[in-house]
1. Identify, please: which residue in the stretch 1-34 is within 18 Å of D61 (Cα to Cα) and over 16 Å from the mean Cα position of the chain (by Cα) and is, among those, modelled with the lowest pLDDT?
2. Could you go through the stretch 140-152 and let me know if any residue there is outside any loop (DSSP other than H, G, I, E, B) and under 13 Å from the mean Cα position of the chain (by Cα).
3. Which members of the stretch 171-196 meet the condition of being assigned to a strand (DSSP E or B) and over 14 Å from H238 (Cβ atoms)?
4. Between residues in the stretch 294-315 that are over 15 Å from R167 (Cα atoms) and residues that are of a type in the set (V, I, T) and assigned to a helix (DSSP H, G or I), which pairs lie under 6 Å by C-beta distance while being six or more apart or on different chains?
5. Output the residue which, of all residues in the stretch 63-83 that are more than 21 Å from V158 (Cα to Cα) and surrounded by fewer than 17 Cβ atoms within 10 Å (Cβ to Cβ), is modelled with the highest pLDDT.
6. Every residue in the stretch 210-230 that is assigned to a loop (DSSP other than H, G, I, E, B), free of Cβ contacts under 8 Å to residues at least 60 places away in the same chain and over 23 Å from I304 (Cβ atoms), please.
7. For the stretch 152-204, which residues satisfy the criterion of being among the basic types (K, R) and under 22 Å from R130 (Cα atoms)?
8. Residue pairs, Cβ under 8 Å, 6 or more apart or interchain, first in the stretch 103-114 and in the same structural domain as R130 (by TED's automatic domain parsing), second of a type in the set (D, E, K, R) and assigned to a helix (DSSP H, G or I). List them.
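The values are calculated or read from the model by the stated rules, or taken from the named source; none is laboratory data. No experiment lies behind these values; they were computed from the predicted model shown. Methodologically, a virtual Cβ is constructed for each residue, glycine included, from the backbone with ideal geometry; neighbour enumeration extends over all protein chains shown.
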Amino acid sequence: MEHLDLQVIKQGLQWLESGRQIWLCTVLTTFGSAPRGPGSMLVAVPSGENCGSLSGGCIEDDFLDRLKLGQFAAHNQIVRYGDGGLQPTMALPCGGVLDVLVERFEPERSSIDHFRSLETALVGRDRLSRTINLKSGSRTTGPHGPTGRSVSRSGEDVTIILGPVRRLIVAGLSPVAEFCAEFALALGYEVIICDPHPERLIKASALLPNAKLIEVLPAVFIAQGGCHAATAVVALTHDPRLDDLTLMESVRTDAFYIGAMGSSKTSLKRMDRLERIAGLTTQDMQRISAPIGLHLGSKTPAEIAISVMADILRVGNGIDRAAL
């Protein structure tokens, strides 16, 4: 099944190519409880046909009703749902507040080219930034690094980051690895578990039906192009034969996060091995988070997995550890 963002962009492109005017909505900010986060998208036409989601349904219905009445004629505008928002003020069932960017696209070459560039980013390996000027109506796109928040605003410019769905490569199965995979799936990550032991994969398939399980050495999968810039790699087995090879291959990729489980003492020994045997440089080793995760006093496999995923989120969102 295609990721929802890709479905939205493909549908919008199809409508534009068929000569239809479309509206693209993007959640910019949320306050309080909200069903979906910043970057969530919906595309619609005045007839009420739509694809995507901004909330649990209440916002979509209201937006489509207003669209049919011609209330979103401007090319680019930000509207607020919730307290202090569109009149009559619409209180959301969750009690939250959402700011939504509403863009109108005409069925012309510039719009089609813009949507094609967004489609390319979503099916490719690199992230793309699109900047919308609320005053002039201009839209520009450009490459973006592997980390950073999905939405930001500076004056009249709104910048939205799109790219491939974040991927978690789990190098070898263990109790901590299983919890990491489960949490990552809940966060919307594409989860790929690589383990050369078929009996472990059979057991995990029942626990993690939405993960992709591959009977292969993790290092082999990574060496064959398994990582892109939106990939996090975690080695959580305590098996040097699996973990060390995984780290050696991972530092040769654009993965935004690479981590290995182990105590401080174990991690120092591992780094020494990687320097001596694999010839990793200081810069290479600085890319490896070891010991992995945030220091939360975690003891159980589930607690350790939470600390790991929290650190991946921190790095992915561009938050410095000192800012926590």
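1. A34
2. There is at least one residue in the stretch 140-152 that is outside any loop (DSSP other than H, G, I, E, B) and under 13 Å from the mean Cα position of the chain (by Cα).
3. Matches in the stretch 171-196: E190, V191, I192, I193, C194.
4. S298/I304; P301/V176; I304/V176; A305/V176
5. For the stretch 63-83, the residue satisfying everything is K68.
6. Within the stretch 210-230, E215, V216, L217 meet the criteria.
7. R153, R166, R167
8. P107/E17; I112/E17
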